[in-house]
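Have a look at the structure below, then the notes.
Read-outs throughout are calculated quantities, based only on the coordinates presented, and are distinct from any laboratory measurement. Treat the numbers as computed from the prediction; the structure is a model and nothing was measured. Every residue, glycine as well, gets a Cβ built from its backbone with ideal geometry; the counts of neighbours run over all protein chains shown.
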Amino acid sequence: MANWLYRMAILGLATTGMGAAAQPVTAPTEHVTVTGTRSREVLDSFVQSFAAPARMTGKLARLEDGICPITIGLRPAATKFVIQQVKDVAAKVGAPVNDKESCRPNIAIVFTTGPQALLDNVRKHQPQYLGYFDNNSQRDALATVTHPIQAWYTTATKDLRGMAELDNAKGGGDEITIVDDPLNPAQIVTMVMPHAHGRNVTGSRLGDGLRSVFDQVIIVADPSKLLNYEIGSLADYISMLALTQLSSLDTCQQLPSIVNLLASGCTQKASALTDNDLAYLRGLYKMSPDRTARIQQDEVAYGMEKSLEGR
């Protein structure tokens, strides 16, 4: 599985005419940070609406293994810049970074003028990398490209003992034995639950010991629709998508954010990661991964508050 990202990207390059994607890109300019209202109420609302919870646990997912991005479809200088920017942002907010040259890629950033053809290949050959879906209709909807830059997340659930299982609608087919009367073998009933997921948990209402993590992230960008944007802005936007799963790419965020860059109708545009973005990511990567979703949101908002205050 270590090389699946390379194979997928190469398949996309071969079938979508990627030569056009390797165009010159504008050199990055100096980043400008934009801030906004920082009341705790606003921060709480921002956090609750910003990130999408994982389907299996309802919790906020994040990268737990050291991030190892690859970028395909750009010229070498731009490729190096995008990869380094993702790593730099990750290090700045406390996310784990794998700097080994032979690291296992877990973030694929693909620039292609044929994004839908690429996702059609993923849907046909490796649909698990689209993310969680319950049926073919949801699978097909996930595989539909609707934005000039879009991300897909394969999440996994880790239990109290660190055992990981990829999130999907199909379980491991666990068997559960129920004994009504230990002295009467006839009362032993074995139930097969084909969609069950066996996990070690704490049983606490504050945190069950389960945590959601990103196993693989795919980010696809169509350069033909991004000609008016500088590579620095795009690299920041991609960095945000690489480190957290957003609830929407179309919603104008109530605080200035790089997410508003490609959302239509937003009045608070930002051409770079803002203080709010960095504070959110710091809070996300400091929160308790096994707590309830509500506690996680509170911890992220509190982390944002302290980060924005400079503490």
Exercise for review: Could you work out the mean projected area of the convex hull around the alpha carbons of segment 246-311, in square nanometres to one decimal?
Suggested key: 4.7 nm²
Check your understanding: Label-point separation (nm) for SER204 and SER45, each offset 7 Å from Cα along Cα-to-Cβ?
Key -> 3.2 nm
Check your understanding: Cross-link partners among lysines for LYS124, C-alpha distance below 20 Å, same-chain residues fewer than 8 apart left out?
Key -> LYS170
Revision key, fill the gap. Here the gain from full extension of ARG161 to GLN128, 0.36 nm per residue of separation minus their alpha-carbon distance, amounts to 9.5 nm
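Output the direction-averaged projected area (hull surface divided by four) of the convex hull of the alpha-carbon atoms of segment 215-272, in nm².
Values: hull surface 16.8 nm².
Orientation-averaged projected area of the Cα hull: 4.2 nm².
Here are some pairs, LYS92/LYS158; LYS87/LYS269; LYS80/LYS286; LYS269/LYS306; LYS100/LYS286; LYS59/LYS92; which of them have Cα atoms lying more than 30 Å apart in this structure?
On the way: LYS92/LYS158 25 Å; LYS87/LYS269 24 Å; LYS80/LYS286 28 Å; LYS269/LYS306 24 Å; LYS100/LYS286 24 Å; LYS59/LYS92 23 Å.
Where the Cα-Cα span goes over 30 Å, no listed pair is concerned, since all stay within it.
Extension gain GLU309-ALA117, at 0.36 nm per residue separation less the Cα-Cα distance, in nm?
64.5 nm
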Exercise for review: For LYS225, list the aspartates and glutamates whose Cα falls under 18 Å from its own Cα; do not include residues on the same chain fewer than 8 positions away.
Suggested key: ASP236, ASP250
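Taking the Cβ of each residue in HIS147, HIS125 as the centre, tally the other Cβ atoms inside 10 Å and list the residues starting with the fewest.
HIS125, HIS147
What's the FRET efficiency of SER102 with ALA293 using the Cβ-Cβ distance as r and R₀ = 35 Å, to the nearest 0.05?
On the way: r = 36 Å, r/R0 = 1.03.
Taking R0 as 35 Å, the efficiency between SER102 and ALA293 is 0.45.
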Exercise for review: Note the full-extension length gain between ALA169 and LYS286 as 0.36 nm times their separation in residues minus their Cα-Cα distance, in nm to one decimal.
Suggested key: 39.2 nm
Study note, to complete from the structure: Whole-Hz Karplus couplings 3J(HN,Hα) for segment 286-292, θ = phi - 60° and coefficients 6.51, -1.76, 1.60, Gly and Pro as x, run 9, 5, 6, x, 9, 7, 5
